[in-house]
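Below: one structure, written as structure tokens.
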């Protein structure tokens, strides 16, 4: 009898965490007995394996089989992981490895139906290999439903490990979008008794009508040591008539997932086609690139920029309206911390001493915030006429406002406007000549209370007269946030 390697070049096994079974032991016996039976290191049987065969750090060994065996897999401490009797040649051959675990996944072998797959067909269906519509190799698997469903095919058993993550890949197309197609992984225990199934694809409304490739994860359930891939073409629960084709069905161990040990771990490529694990970072760390690979680093460990260039340097900002992280020029960030309003049109008062809200000079301030305040009020009058009354009003009685006034005409400070939200107005002596300009410079501090709202400039003539008093364009008010009130 000739020797055969099973479907993968190397035997490989995994522990219950889905990691390679380093130091694992493979015991081989005559079927149904405890009589040792030899396996080989090569197809020519030039060297026998020890019995048990010890698996390397990847959980692998070169095992060439001759006929059928009872196989017992144990860990390095001789704890039995599983026992399979009558393992060997035949339709129910078992596949292992880090490549495609599905035998004949591209449907290249077979006459009318694919080898190494079993089929269940529904009434009125026509199913089989199709050499006229394929995307990989020579054939695809075709299911035709007249309304009662097409059928499904099951792959041969392949070995899995509990909690191991696998990638399920396949190509699919249908003649209509609304047949129901389902792809599952069916899980079995160590005795190949069915446990449950995982549906990685279940679509009955938006199937592709041209070849489309899919890749989905599937995690082996607790107690699963074997699995099959089950592919439904035109599921019988949907009465839609149509045709579905599958090609290049693959199930692979996800090498990246096998390296993850902690929630928050990141997988990256340490070299071409070499996945590696980056452990989750700490709460005070950011992700940097160091020597070409990602690296968590503490903010406190970074070199301080003691002379930032506000015209060229950027900061990161969260744009709440866009739901995105964006870069912001430092100069723009500084501007955004201030609010300013500039008067655009001349405003006039005559024959009144009633304080009026300026039409433009008003700012909306946040609650519980400390602001620095400055303003320039440009006053003129048509002829010799009234002095001005000036006033600043906060949103409510919880605000604290302190404003000083400097008049360029005499270059002296007047008394403080006030120390509450409704500060006492000040009388400003304006220049006497028609068209003369008086500049009133104001500065101070605003501490808003629990209610935000408008900070309003108010003004009028100190004496009721027909002679106009005017606030001119380019007058402005500006506040700059300096902190949060406590």
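Readers should treat all values here as calculations from the given coordinates under stated rules, not as data from a laboratory. These numbers come from a predicted model, not from an experiment. Ideal geometry is used to build each Cβ from the backbone, glycine not excepted, and the neighbour counts take in all protein chains shown.
So if R0 is 30 Å, what FRET efficiency would residue 42 and residue 80 give, r being the distance between their Cβ atoms, rounded to the nearest 0.05?
0.60
Let me know the volume per residue of the alpha-carbon convex hull for the stretch 106-157, in Å³.
In the stretch 106-157, the Cα hull volume divided by residue count equals 77 Å³.
How much length is gained on full extension from residue 382 to residue 222, taking 0.36 nm per residue of separation minus their Cα-Cα distance?
48.5 nm
Quick one: length gained pulling residue 120 to residue 350 fully straight, 0.36 nm per residue minus the C-alpha distance?
So the chain would gain 73.1 nm between residue 120 and residue 350.
Set the Förster radius R0 to 41 Å, insert the Cβ-Cβ distance between residue 359 and residue 300 as r into 1/(1 + (r/R0)^6), and round the FRET efficiency to 0.05.
0.20
Can you sort 342, 377 from fewest to most other Cβ atoms within 10 Å of each residue's own Cβ?
Arranged by neighbour count, lowest to highest, 342, 377 become 342, 377.
Between residue 454 and residue 486, how high is the FRET efficiency from 1/(1 + (r/R0)^6) when r is the Cβ-Cβ distance and R₀ = 30 Å? Nearest 0.05.
That gives a FRET efficiency of 0.85.
How do 352, 155 line up, fewest other C-beta atoms within 10 Å first?
Going from least to most buried by this count: 352, 155.
Within the stretch 448-486, which residues have the backbone N less than 20 Å from the label spot 7 Å out from residue 366 along Cα→beta-carbon, could you tell me?
Answer for the stretch 448-486: 448-456, 478-486.
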